[in-house]
Amino acid sequence: MKFSRDYLDWLPWALATVCVAGSVHIVSVLLMPEVAPRNAFARFSAAARNVETTQNGVALLPRALPGAEVTPFEDAAFAEGVCLFDLSKGLIRVRADSDPDDFLALSFHARTGRIFHSVTDRSAIKGKIDVLIGDARQIEAVEGEDEEAPPQQVRVTSPTKRGFVLLRSLAKRPSDRDRAEQRLRAVSCETVAEPES
């Protein structure tokens, strides 16, 4: 009888400890992308400074070698490129040609690394991928400018002013690596002027 009474006296304290520890764990996991000094944006910014950037604004990332990856869990079968953007300088237009025989994927990330949009060559219209990125005000201005005409591109609202577009092209065999990199060089990632209001 005494044992069960002692057990019941400690039960609320044990439950409170578990609840506090669980809350701290969940909050720290959710805050990690915001406070991590080497988040995805920082890694891609550093990598883009150290590699060649194409005339179209895409920085080709180095081949993923074990221990030298830009980000964890990179797949060596993909050629990768990155396009950093800053919407305070204007809208960003990303264009690419698609080929049914070759896989091309574009993922759009906020500064924290969170994906807010993605497309593959399978979603291309008439063999073209055309995406316009802006903040809510910029996209609203673009849509207000041509209310009558159907949009010629996919319009995406970015949750942050700065971010990056990660481009991945599949090299089916090691000998296809150069061809995969050429597909990335052909992608255009350029700043365009905002419409006059």
**Q.** Charge tally in the Cβ shell below 13 Å around V131, where Lys, Arg are +1 and Asp, Glu are -1, V131 excluded
**A.** +1
Q | K128-V20 FRET efficiency (beta carbon distance; Förster radius 41 Å; 0.05 resolution) | A | 0.15
**Q.** Cα-derived Rg over Rh, computed across the stretch 40-192 with Rh taken as Kirkwood radius
**A.** 0.97
Q.
Give me the net charge for the shell around D102: Cβ to Cβ below 9 angstrom, other residues only, Lys and Arg +1, Asp and Glu -1.
A. -1
**Q.** Cα→Cβ-extended label distance, 7 Å offset, between R38 and Q182, nm
**A.** 3.6 nm
Q. What full-extension length gain, to one decimal in nm, is calculated for A76 and V154 as 0.36 nm per residue of separation minus the Cα-Cα distance?
A. 25.1 nm
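All of the numbers you see were taken from the coordinates with simple rules; none came from a lab. Every value quoted in this text rests on a predicted model; they were computed, and no experiment measured them. Methodologically, a virtual Cβ is constructed for each residue, glycine included, from the backbone with ideal geometry; neighbour enumeration extends over all protein chains shown.
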